[in-house]
Every structure is written in structure tokens, then in C-alpha cells.
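Visitor: Handing you a structure now.
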Amino acid sequence: MAVNFNEMLKGDERRVDSRTIYVGHRPCSASEPFIPPKFCDNRIVSSKYTVWNFLPKNLFEQFRRIANFYFLIIFLVQVIVDTPTSPVTSGLPLCFVITVTAIKQGYEDWLRHKADNEVNKYPVTVLENGLRLRKESEKIKVGDVLEVEEEETFPCDLILLRSSRDDDTCFVTTASLDGESNHKTHYTVPDIEKDLESLSATLECEQPQPDLYKSLGPENLLLKGATLKNTEKVCGVAIYTGMETKMALNYQGKSQKRSAVEKSINAFLLVYLCILLSKALVCTTLKYLWQSKPGQDEPWYNEKTQKVRDTNLYLKMFTDFLSFMVLFNFIIPVSMYVTVEMQKFLGSFFITWDKDFFDPEIKEGALVNTSDLNEELGQVEYVFTDKTGTLTQNNMEFIECCIDGFQYKHRDVNSEVDGFCVTDGPVNSLKEKAGREREELFLRALCLCHTVQVKESPEGFIASSPDEVALVKGAMRYGFTFLGLESKAMKILNRSHEIEVYDLLHVLNFDPVRRRMSVIVKCKSGDIVLFCKGADSSIFPRVRQEEVEPIRVHVERNAKEGYRTLCVAYKLLGTEEYARVDAALREARLALQGREEKLMAVYNEVETGMSLIGATAVEDRLQEEAAETMQALQGAGIKIWVLTGDKMETAKSTCFACRLFQMTTELLELTVRTLDEGGRKREERLHELLLEYHKKAVQDAPSVENSISGNWSVTSHEYGFIIDGATLSMVLNSTDSNSSHYRTLFLQICQNCTAVLCCRMAPLQKAQIVKLVKNSKGSPITLSIGDGANDVSMILEAHVGIGIKGKEGRQAVRNSDYAIPKLKHLKKLLLAHGHLYYVRIAHLVQYFFYKNLCFILPQFLYQFFCGHSQQPLYDAAYLTMYNICFTSMPILAYSLLEQHISIQALLSNAPLYREIRKNAMLRWRPFLYWTLLGVFHGLVFFFGVRCLFRNSALQDDGQVYGNWSYGTIVFTVLVFTVTLKLALDTRHWTWINHFVIWGSLAFYVLFSFFWGGIIWPFLRQQRMYFVFATMLSSLSAWLVIIVLIVLSLLPEILLAVFRKPFTPFTQQRNPVESNVGAVPSPLSSTRPLLMRTFTDESNTVI
Amino acid sequence: MVKEENESPNRPDNTAFTQQRLPAWQPMLSAGIVIPGFVLIGLAFIGIGVALLITSRNIQVLELDYTGTEQNSPCFQCSDPDQQDCVCTLQFSINSLFEGPVFFYYGLSNYFQNYRRYGVSRDDGQLYGDLSYFKEPYDQCEPYRFDRNKRPIVPCGSVANCIAVYTFRLFQIVNGQQKEVPLDGKGIAWWTDYNIKFRNPTVTPLRNAFNSTAKPLFWPRPAYELDPSDPANNGFINQDFLVWMRRAALPDFRKLYRRITEGDYANGLPAGNYSLEIAYNYPVLSFSGRKMVVFSNVSWMGGKNEFLGIAYLVIGTLCVVMSVVMLIVYAKFKFPEED
């Protein structure tokens, strides 16, 4: 006997978008020829390479990077054209870079391979022709019938056919998919043959789709990656395998975020490329000008080969140009990319290692998902924060409720557990009570209308939303205990300690658009009741209006006190009505296309005409140190926007609690309420209000520049801005021509407010706001922080996305760039880590360009003294090793360890963060400074030695030095100067810095001895033989090296000294401050925020 | 509590390194260090500068240009490139004792020994005495790699080819008689050059090693006959050759020719008249170069060069001045704040 699932899909015409699966590979009917359909196998491939294609593929990918490609071109030019330096000089560094990157990528891929193999080789049980076969997971084909035991994860997406439980259900957790640890119930396909061996059926289902977050599939679909719980074993047929499973489809790389520093690097690179090109051009031109003078082109002592003479003049010019390019190409250093990558990669470990980020509750520390954005943490100008779970703990506590307009407040927690009693529990006076029946109806509603599950050991409740647990616990306190859900029957222990059983017929799940959820249950009496709970705005329009008013008062009062409110309503369903609803729900659930929309429509239809019973108030406490963190961030000049889906009143009170709004703050409100006030059309009112606020906050306020310099606190006023979702969409999407005008007005107002609150936001609107600010003038760096799935969109949109390892699953964490356990960690992450990373990498980048400029400039100048013949000044070994060995380690150590200001001081002195705002260290001015410094050093090195070589007899035996001695002296001065320059910049000398800086110099000296001490058999020219040693035997050489180093560093020291007088104060005072410590930073808490920033700032900036 | 903390596997290590708390020295360039430091450095530099300047001033230098572009120059006739084996004589006088040891340099200007293609046109394999390179010289030696008869040139390349084969003879004129000043050709090249870097093939007699090779085109004699007077100074370890092979850094250069250390002249050249006999065989006018000879004595710092002394003096003075300026700045701005 066969069950044909096709029946389930009747009426669905769009067959193209569905696939047919033969259960157990058995054809459905003998008449149809059985053609096994082709589906992909169950191998998960997250790795990029195989052993065979690793080399070509990886090389191809690497050379797609512009920089690598450029170096490859240089290398090829060196191989093909007769160039001054051997191909080794650029080939070796390039090779090194490519190898290091390849090793890193290879290792990462190896890890992926390992992870893949673990999944792919996992043994599974396949039922085939009545036999139970053990197979490797990767051998599963679509249509296989699999058996999965308890605690195993599903190897592919399955349709549940049989469960060992009597009620044809099974429980799964999807913790590894979305982090929700609650048990979800799934059902077997109804009306199915128990004997799976003889089952012959076909199954039609949607083509694979990645909508993991929309819903976790229909209730008989078991997803790969989920774990079977509480069920001995289940059988199911594989429908999506391998890369077509929902998990694999959801596993996609996020779009890569690029940091502002990287953009600066690219801009600087362009400048240097121009310098390089112009140098080569100048030299080529001068060469041919010089050669045009008689006797210069081909003096008798230097005749050309016949081949060279015959070459076309323009071709010669071109090859000369290329040769100069090659000679000067070191100005764009290959190794900078490696160093920057290494700095980012290694540097990010300090975040993971930081024990201040460790949260003993969840036993986890910070998580770094990308190391590309470390420095961006030091550049944040706007923080967009979620409220629930981020500013607040998402640790809900039932505070009070109101039933039919009567307030019940459970004051005395110490009284007996079921102390909720009409006579002594409520706060309100005794006369005003709702009827006992209403009370019990309300409490039953609380007990039934949820998706909470009972956990046996340790006792407790599990739910995807902590509100629900709080409500169930609240009901328990008042005498109604939810005992659990067993085979679709919900059990409740009521006040008189009797067990009531309700059949759970349907759950109308919560979703953020509807903002409510419902259950349909059948009482013992046979009545079918729909219980619904949800946000006031979504419930009030759906209940009888006369019931609303008394409850609205309570809801608004509660919201003002900062509680989260939910309204509870119910509706009796007649038998026919239920039958209709039931049919509609079933049909919608089986729909292959547009299931979501159809379900939504049914839900909306059912949840009408209800009657309101009451409302609940749940408190969500502030996160630890939320206020301090917010204050510190504001002190650091960061604007904070709260984006929440919550009600305005609740959100506003949270903002006050976090001290985002102060009592003195003037609130500018742009919400549906203020729009309705004037009694005119909303659009007109919006226009009017926008203009009014704009005048207040923007035109009358002092300019932003003033505010930075610190004198704003005295004169001007603080503004806070509040807008809600509906108004925001009016502002952003208004149809008339004003739309862009409104947008600018809105942005300008917001930018002049100290804090902005956006409430009633849909997830997409959150992202919209972030995008709006991100693309505004000056493109400020934005940071989003959130903990829930509804924050994912804004986390992905912002420059830096931060996930909080909160209670609402792990989706935010998985999509974030950095994840921290608590909001309070944000302070250290930005003020200390971000600041340091920015300073480190900015210095790294500038230093790299500088050191290569003063490296190559003497080589360029030398062309004027050697007939523009592309004669290298330095030996090839020096050219190659300069960036790889002699000067790379000190800057790497610096860029990992430098703390120009101690972490303590950074944390206690938030305004320091402002000093590096707007990419301060990588703008054109500092770049120009470093460039000029490089030019100055290059000139000093070259002409200093040039003056010395007016008489090349430098020893007391009268012997003369040659060109390689010249180059070696310049190079020695160069290596010492750039290393000592870094030493001068180093504020924080750990033993590693000492080791690396002095070690590099020692290595240079040792290497030079070694390189010049041996006749190298593989070299055709022994240029450097004993050059270095002979140089050291000359006193004049020593003296010139010393004087040139001192001369080069003199301006630096002077500058440092003249800049310094002020910094000792901040640096010396702060440790003292923090040591006194017992009075926790006296400046921060007692004094008003603005005063504090002003006075503290005056210490540092002046 | 502590135990509990240790049990957690995710807990980050609490080490100074991971917590970025490594003990660190935080040097401050404060005025207290910088001002005395500058004064010290400045004074030291001034001291060194003075010493250098005095030393340099004490060095005697006599430069004689003999290019012969001027009509009245004794070498005017020889400067005609068509002249072969021309000898000219330069007369000069020394007023006071030219203290010894006196170093005798020849100088060339506008001669680009540092030209790249010129510079690479040599074969260090040959010069190391490796016979395998005698047959097949380094290809960079073109066009001085093989002669017209396809015989390999040893030593090959431009540098060796156009060696300035000079012969100078210096006479003191005593009572109208020419008294030859002995010139010492030893120790004019780097020790490592003639002992290690350059070697003759281990073939005796040396000339056999050069069988079936050609001498460089411009050479009058093959390599093994460079110094007829001293058989040990032949081949690739001929010191004149070595001096020439060390390329000059700049187009105006001088190279050591001889030292005057022997006989009556060990203490220097006494005052008097001298004549210098020059075998003029190196045309430079085609590339507007100049030729000269230089007599100089040296000090511990080498030849005469006032640059170093001046540089030290200037920078030393700068340091002292800056420290004074800093002192004033500090006196003005810092001290009131401390009250």
C-alpha cells in the first residue's frame, strides 16, 4: 500500500520550483519508469581548495590582489628586461609574502577540511531493503531513509516519518543553527504506513531555500545540524542533502567590511605610485638629455654592444623607464601588506585574551570574528544600540498585572508561593477587584499562551523569549503552575491544586511584524479558546474598544516606569469557526509557495474580535554599568542612538536610567503622538515640527567645531531626539519632493543631539537608520551593538557590528564582527583596545611609507651622479633584506605592544578618544609630515656621505673607498636612523621591544659581516667582500655615521620635547588617580558629564 | 571561588603578556633629560669638530692638473689623441717640507666608473683565478668578452679593459740634477683584495694559464706581464690593477698610485723643485674629463676633508643653542605652572 504525498500538494501548479523524491528509491507505481533523479550528494564542502588545485587556485586568488599583481609585474620586468637589480631582489620578498599567505590560507583550509571530514565521515544508519546499514554521512542520497538516535545530530534535512514516541512527535534543539536552546516539537507526517520497508511513496517539496530565520521549516522537517532530544529514535527520509541543506545555504560569507585605514593605505599607495612613476620619468628624461651631450653617451671606456646599438631608440627609452621603475620599486613595500595583516591577525588576540571581557556567568570571553576592523574600533563616532538585552539585561521579572483595569501587584515575595489572593495580594484598595473568574481566566491565559517548555533537571523553564518565562513564573506565583506539554496536552496546576488539561490545537507563533502570538486550546469542557498576547499597539485594535481604556491607563503608566508591557486577550471559537480556522491553518502550512504570507493572513484573520482581559508588566533590569558605559562613550565624543522595537515610554525611561537623557536635556519628540497633537494633517505637522526642531537644535546651536574645543557646555543646551518607526518611515519615504529635504533636516537635528532614541523600529528600519547616518556627510564610522536576531540587519550594515552574547540566541553573535558578553565591555573595547589599535596601525602605515621613502631617495639621488645609468646604490642583499629583516620586526613589535597612553589612563579619561577621531593620524597632514621627514632623512643620508666622499681616502693608510662602501655607509646610517626613529616614538618599552630593536640592529651588523666575509660561490660578483669590515676600520666612517644619525633625529627630538610639556601631566597624573581608585574616578560620577569632559580635556589638549 | 575560576576552560590566561601588562619602561623626553643631554652632546660634538678641523687643516695637499687643455700646459701636445707614447714633464716646487708618508694619487674627473653597465662588465670568477671562467667569460662582459678571433678575453669586461695604465716618475731637482724619488707600489690596494678576493690561477709559470686567451683590447701587455719589475705583482693581484678594479663612487675621483716611504723621502718631500714625468696615454678630452695628480699626506681620519669637522661643529653648536632655547622656554612656561 502506498501513500501518495502528491495529494498534499494538489493545486500547486508551479512544479518547476519543487522536487520529487522517491522514498527509499522505490518507484511509486510500476507504470511510471523509475528514473532516479539527480541531486547533489551529502558532502558538505566549506573548504576552498583540494590538494591538487591548491597551488594554482591559491596563486590565482593571491595575484588578483592589485598589490601582489603589481609586484609580480615588477618581478617579470626584472626577469625579461636587463635591469639593475637581479630578479631575486623583488622575487624573494614576493615569494615570501605569497608563501606566508598561502600557508595561512592553507592552514585555514585544512581546518575547514578537518571540520568537513568530521561531518562527512560521521556514521549514520540507513534503512535499505529492510537492512540497517552503517554508512558515512557523505554517502547519503536524497530519498534515503535514515534512522537517528537520541542526542545525535541530523546528517541532512529530513522529513520525519516515524518516531519512537507514542504521540508521533520528536523534540529537537537547534542550538547549533540559531542558538535557541529550547526544545522544539516536530511531528511525523500524518497517516503514514508504519512499516517503512514496504512504504512506497513520492514526496514533493520546495527547491532548497535558505530561509532559516523565517521559520525553522514546517513541523515535520528536521534540519541538518539540529539535535534530537528526549526521543529514542526517529526515522526520516532525506530531502535536502549536502550543500542544499538549509544549514549549508545559510552558511555564506558575510560581505567583507573594509576599514578606513585600508582606504587611507590605498590613497597613500597611489601617491607613492605617482612618486615612483615621476621619479622614473625624471630619470629617463635626464638620462637621454645627458646622453645627448657629445662624449657622454658612449665614451671610449664604455662601449656598447652591437645589439644595444641596434635597438630602437624608443624601445631603449621604454626599457630604461622600466629599469628605473624596478630600481625604485622598493618605495612601495611588499612587506607592508604582510606586516599589516600580521598586525591585525596577531593584534586581535589581545581582545580574545583580555580577561576583563570574561564573563563568569556564561563562562566566555570576547570573540573576534574578523580582525580587519580592529582599528575601526578607535574611530567610532556613532553607536547604535539595541535596548532589550543590550542596555537592559533581558532578565525579566514579573512585576505586576492588571485585570479589567484593576492593578495587582505582588509586593510580598516572602509570603507563601501561591500567595496571590484576592484579599491580601493586590495593592489596590479592597473594593476594586476584578471578579474571581476574570482573574483565573487571566492566569490561565498566562499559563497557556506561550511556547515555554518545562525542564526537569534542574527545574525550570526554557523559552526562546525570557518574557514568556517571566510570565509563566508570574502566573505560578499567583497559583497557576504550568506543568508541561505532553503529546499536545498542556497541564496546569490550578489554585485549588487540581490539574487541568487543555489540548493544544494550534500555536500561532510570535513574529516581530505582528508583535503578538496566540494559542488555540480545547478545554475539558469542549470549548475552544484562543488566547492571544502581544504588544498593546497590536492588541488594542483587535479587541472591543470599550475594554481598552481602563487598561490603557495601566499600560501607559507601566511603560513610563520602564516596564515591558503585554496585553492579554482571548476569544471563544465556535466549532464551525474553529473548523474553518483549522482548515485554513493547515492549508497555509502546507503551501509550498508564499507560506509565510499565507500564514500571516490566516493569523491576522483569526486574531480579531477578541476581548481584552488584562495586561502584564515585566521589568527588564539595566545591564551592569550601563549608565557608566554610556557616559564614558558620550565623554569620548561618541553619539549614541538607541534603536528599539519597544514602546516609546519604556525606551525613554531606559534612556533616562542610562543617563543618555538627563533631566536638563530638552527632548525633541517626533512621534505619531506629537504629529496628531495639532489636529491637522500629519504631513503638515511633520513639516512644521522638523523645521522647528531644526531651528532649535541646528541653527541656534553653536557649531560642532566649537563643541569639540570644549566651550559648548557653558553656553548651549543639550537636546535629545525621539522618533518612532511610523514617523521615521514618513520622513524617509515621504512621497513628495520634500523627501530628501526631510532627510537632511532629520539628520542635522540628530547630529546635534547628544542622544537619539528611535522606538518602535522594525529590524529593517534599524538598518535603514544606520545606512542613513553611514552615508551622511563626512561618512562617520558607525558601530551597531545588539544581541538578538532583530539586530542582525543593523549589525551587518554598520561599519563595525558588535554582538552581545545574550539570551536571545546567537544570531547576533554569528553575524557580528566582534562579540562581547556584556555591554559594559564596550567601554574597554572602544576606549582602550580601539584607541590603541588605531594608533598602532596608523603609526605602522606611516612609518612604513616613511622608511621606504628615505630608503629609496638616496638611490634616486645617486642616479644624478652615475650618469642615470640605474646603478643601484645598495647591494642587492641590502635591497632585499631591508624590508624583510632589518627594519620589519621593530615596527611589528611596536604595532602590537605600543601603549602610548596606559590602558588605565585611556579608560579613566574618555575624552582622549577624541584625539584620534576622524582618522586623525592618517590624514594628509600627518602623511605630509612623514613624507617630508622621509625626504629630509634621504637628503641627509645621501648628501652627508656625498660630502664625505669628496675625498674617498678615509683611512689612515691612504687607500680609497669605492661605490659599494659609499652605499654601505648610506645604508648603515639609514638602518640605524629609521630604527632609532621608531625607538624615539616608542612610549612603552617592554623587553620585547628592547630585544627586537637592539636585536635588529645587531642582526644588521652581524649579517653585514657575514655577507661580506665570505666569497659566495653562487654570486658572479663579489661586490661586498669585506666592504663592511673595512668601513668599520675607518674612523671617518664612524664619525660620519654618528653625525648623520644625530642630525636626522635632531628635529624629531626637538619636536617631541616642544610637544611634550603638556603630556607628562596626563600621563603622570592618571596612574595616581586610578591608584587612589577607592573613590571610583571622582570626576566621572559626581560631576555633570559635560563639566567633566571639559575639565579633563583641558588637561590633555590645551 | 578561585578554584571555580580555574576550572573554566574558556577563561583567558591571566599573564602579563596576554593582558598587555608587560612591565615596561616608559621613557619621557622631559626637559630634565633633554637639556643636559643636548648640552653634553653639543659639547662633545664641538670637541670632536675642533679636533677634526685641526687635523684636516694640518693635512698638506698638492694637486696638479695635467689635462693639457691650455696652450701653456706642458702636456698640451700630448692631449692630442693621435699622439702615441707621448711623455710630458710637469715642473713644480714645494716651499716647505711635505711631511711623509706622502701619498701619490692620480685623479680623473667626469669619468663614470660608477656607470652601471660599465660596472657589471667584469668577471669575478676569472679574477678569483677560476680557469673555467677563462674559457667562457661572463656574458655581461660584452663587448669585451671575445676578441675578433673568438678568443676569450682575460680579464674580460670594460672595467679591466680601460685600466688607466699610468707611468709616473718623480724627480727632485737637486743642483740641476734629477734625483729620482723612489715610489712604493705596495699596499695601495685593500689587503683582502690582493690576498683573497683576487687570485691568480695556480699554474706556474703564470703565462701558461693564459694560453689561448686574449689580452684586453686596450692593454699593451697581457695580465701576467703587468709589472715586469716584480713577478709577484702580476696577473690579477697587480696592485695597480686592483686599485682600478675597485670602482669609484662618484664621477670625480682619485685613486692611490704610490706611496713615498723610502730612502731620503721617508720623512716627506723636502722643499725644493720637482719634476714629474708623465706617460700621457689616457685620452679624456672626448668626454670633457680632466686628469690630475695629487700629493697628500693623511691623518687618522684619512685624507683632507673639512666637511666632517664643520658638520660636527655646526651640529654641536646647534645642540647647545637649542638647549639654551629650551631652557628659556621652560623657564617661561613650565615653572609657573608648578607653583
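The values are calculated or read from the model by the stated rules, or taken from the named source; none is laboratory data. All values derive from a computational prediction rather than experimental measurement. Cβ atoms come from the backbone with ideal geometry, glycine included; neighbour counts cover every protein chain shown. Accessible surface is based on the protein model in full, side chains and every heavy atom, while ligands, DNA and RNA are left aside. Shrake-Rupley method; radii C 1.70, N 1.55, O 1.52, S 1.80 Å.
Visitor: Please pick out the residue among B:127, B:108 that is in contact with an Asp or Glu (Cβ under 9 Å, 6 or more places away or on another chain), aliphatic (A, V, I, L, M) and either surrounded by 20 or more Cβ atoms within 10 Å (Cβ to Cβ) or under 30 Å from residue B:303 (Cβ atoms) (or both).
Guide: Result: B:108 is the single residue among B:127, B:108 that is in contact with an Asp or Glu (Cβ under 9 Å, 6 or more places away or on another chain), aliphatic (A, V, I, L, M) and either surrounded by 20 or more Cβ atoms within 10 Å (Cβ to Cβ) or under 30 Å from residue B:303 (Cβ atoms) (or both).
Visitor: Consider the range B:289-319. How many of its residues are open to solvent by less than 40 Å² (accessible area, probe 1.4 Å) and more than 9 Å from every other protein chain (Cβ to nearest Cβ)?
Guide: Result for the range B:289-319: 6.
Visitor: Here is a further query. Residue under question is residue A:380, and the condition is that it be surrounded by 19 or more Cβ atoms within 10 Å (Cβ to Cβ), in contact (Cβ under 8 Å) with a residue 60 or more places away in the chain and outside any helix (DSSP H, G or I); does it hold?
Guide: yes
Visitor: Right, something else. With respect to residue A:318, is the statement that it is within 30 Å of residue B:159 (Cβ to Cβ), open to solvent by 10 Å² or more (accessible area, probe 1.4 Å) and at pLDDT 85 or above true?
Guide: yes
Visitor: Now for a separate question. Looking at the structure I just gave you, is residue A:501 at pLDDT below 85, farther than 26 Å from residue A:390 by Cα, open to solvent by 20 Å² or more (accessible area, probe 1.4 Å) and out of contact with any helix residue (DSSP H, G or I) (no Cβ under 8 Å at 6 or more places or on another chain)?
Guide: Criteria not met by residue A:501.
Visitor: Does any residue of the range A:1006-1026 turn out to be in contact with a Pro (Cβ under 8 Å, 6 or more places away or on another chain), surrounded by 14 or more Cβ atoms within 10 Å (Cβ to Cβ), away from chain B (no Cβ under 14 Å) and at pLDDT 90 or above?
Guide: no
Visitor: Give the residue that is farthest from the other protein chains (Cβ to nearest Cβ), with candidates limited to residues of the range B:247-272 that are within 23 Å of residue B:196 (Cα to Cα) and open to solvent by less than 30 Å² (accessible area, probe 1.4 Å).
Guide: B:257
Visitor: Tell me, please, whether a residue that is open to solvent by 50 Å² or more (accessible area, probe 1.4 Å), in contact (Cβ under 8 Å) with a residue 12 or more places away in the chain and either hydrophobic (A, V, I, L, M, F, W, C) or touching a helix residue (DSSP H, G or I) at 6+ places or on another chain (Cβ under 7 Å) (or both) can be found in the range A:61-69.
Guide: no
Visitor: Touching a residue at least 40 places away in the same chain (Cβ under 8 Å), more than 12 Å from chain A (Cβ to nearest Cβ) and either under 19 Å from residue B:243 (Cβ atoms) or open to solvent by less than 20 Å² (accessible area, probe 1.4 Å) (or both): does that describe residue B:200?
Guide: So residue B:200 fits the description; yes.
Visitor: Is it the case that residue A:537 is at positive phi, in contact (Cβ under 8 Å) with a residue 40 or more places away in the chain and open to solvent by 30 Å² or more (accessible area, probe 1.4 Å)?
Guide: no
Visitor: Please work out which residue is nearest to the other protein chains (Cβ to nearest Cβ), limiting yourself to the range A:352-369 and to residues that are open to solvent by 30 Å² or more (accessible area, probe 1.4 Å) and part of a loop (DSSP other than H, G, I, E, B).
Guide: Going through the qualifying residues, I end up with A:363.
Visitor: To continue, here is another question. Quick check on this structure: which one of B:286, B:323 is in a helix (DSSP H, G or I), more than 8 Å from chain A (Cβ to nearest Cβ) and of a type outside the set (A, V, I, L, M, F, W, C)?
Guide: Going through B:286, B:323 in turn, the sole match is B:323.
Visitor: Looking at residue B:286 and the list (1) open to solvent by 20 Å² or more (accessible area, probe 1.4 Å); (2) over 23 Å from residue B:114 (Cα atoms), which single condition is not satisfied?
Guide: (2)
Visitor: Suppose we filter A:11, A:91, A:24 for residues that are at pLDDT below 75 and crowded, with 18+ Cβ neighbours inside 10 Å; which single one remains?
Guide: So the residue among A:11, A:91, A:24 that is at pLDDT below 75 and crowded, with 18+ Cβ neighbours inside 10 Å is A:24.
Visitor: Please find, within the range A:1031-1057, the residue that is modelled with the highest pLDDT out of those that are among the polar types (S, T, N, Q) and open to solvent by less than 20 Å² (accessible area, probe 1.4 Å).
Guide: Among those residues, the one meeting the criterion is A:1048.
Visitor: Also, I was wondering about something else. Being more than 10 Å from chain B (Cβ to nearest Cβ) and among the small types (Gly, Ala, Ser) is the filter here, so list the residues in the range A:936-951 that pass it.
Guide: Residue satisfying the conditions is A:938 alone.
Visitor: For residues that are within 19 Å of residue A:360 (Cβ to Cβ) and either modelled with pLDDT of 85 or more or part of a loop (DSSP other than H, G, I, E, B) (or both), tally how many sit in the range A:811-827.
Guide: Result for the range A:811-827: 9.
Visitor: Go through the range B:54-99 and give me each residue that's under 30 Å from residue A:1050 (Cβ atoms) and surrounded by 17 or more Cβ atoms within 10 Å (Cβ to Cβ).
Guide: Selection gives B:55, B:56, B:59.
Visitor: Looking only at strands (runs of 3 or more DSSP E) that fall completely inside the range A:579-672, which ones have 3 or more residues that are under 34 Å from the mean Cα position of the chain (by Cα) and over 30 Å from residue A:520 (Cα atoms)?
Guide: A:639-643, A:666-670
Visitor: Right, another one. Would you pick out the residues in the range A:837-877 that are over 23 Å from residue A:345 (Cα atoms) and small (Gly, Ala, Ser)?
Guide: A:867, A:869, A:876, A:877, listed by residue number.
Visitor: Then there's this: Just checking, does the range A:978-988 include any residue being open to solvent by 20 Å² or more (accessible area, probe 1.4 Å), touching a residue at least 12 places away in the same chain (Cβ under 8 Å) and within 10 Å of chain B (Cβ to nearest Cβ)?
Guide: Within the range A:978-988, one or more residues are open to solvent by 20 Å² or more (accessible area, probe 1.4 Å), touching a residue at least 12 places away in the same chain (Cβ under 8 Å) and within 10 Å of chain B (Cβ to nearest Cβ).
Visitor: Okay, moving on. Consider residue A:901 against the criteria (1) assigned to a helix (DSSP H, G or I); (2) within 13 Å of chain B (Cβ to nearest Cβ); (3) among the hydrophobic types (A, V, I, L, M, F, W, C): it satisfies all of them except one. Which criterion is unmet?
Guide: Here residue A:901 clears every test but (1).
Visitor: Just one of the numbered conditions (1) surrounded by 15 or more Cβ atoms within 10 Å (Cβ to Cβ); (2) farther than 25 Å from residue B:90 by Cβ is not true of residue B:183; which one?
Guide: Only one criterion is unmet by residue B:183, namely (2).
Visitor: For residue A:471, indicate whether it is within 23 Å of residue A:403 (Cα to Cα), part of a helix (DSSP H, G or I) and touching a strand residue (DSSP E or B) at 6+ places or on another chain (Cβ under 8 Å).
Guide: So residue A:471 passes the test.
Visitor: Output the number of residues of the range A:952-977 satisfying the condition of being within 14 Å of another protein chain (Cβ to nearest Cβ) and open to solvent by 10 Å² or more (accessible area, probe 1.4 Å).
Guide: 7
Visitor: Separate question: If the Cβ limit is 9 Å and pairs must be 6+ apart or interchain, which residue in the range A:937-949 that is without any contact (Cβ under 8 Å) to a residue 60 or more places away in the chain pairs with which residue that is part of a helix (DSSP H, G or I) and buried (at least 18 other Cβ atoms within 10 Å of the Cβ)?
Guide: Listed by first residue and then by second, the contacts come to A:947/A:1040; A:947/B:307; A:947/B:308; A:947/B:311; A:949/A:965; A:949/A:966; A:949/A:969.
Visitor: While we're here: Going by the conditions given, is residue A:550 without any contact (Cβ under 8 Å) to a residue 40 or more places away in the chain and not aliphatic (A, V, I, L, M)?
Guide: no
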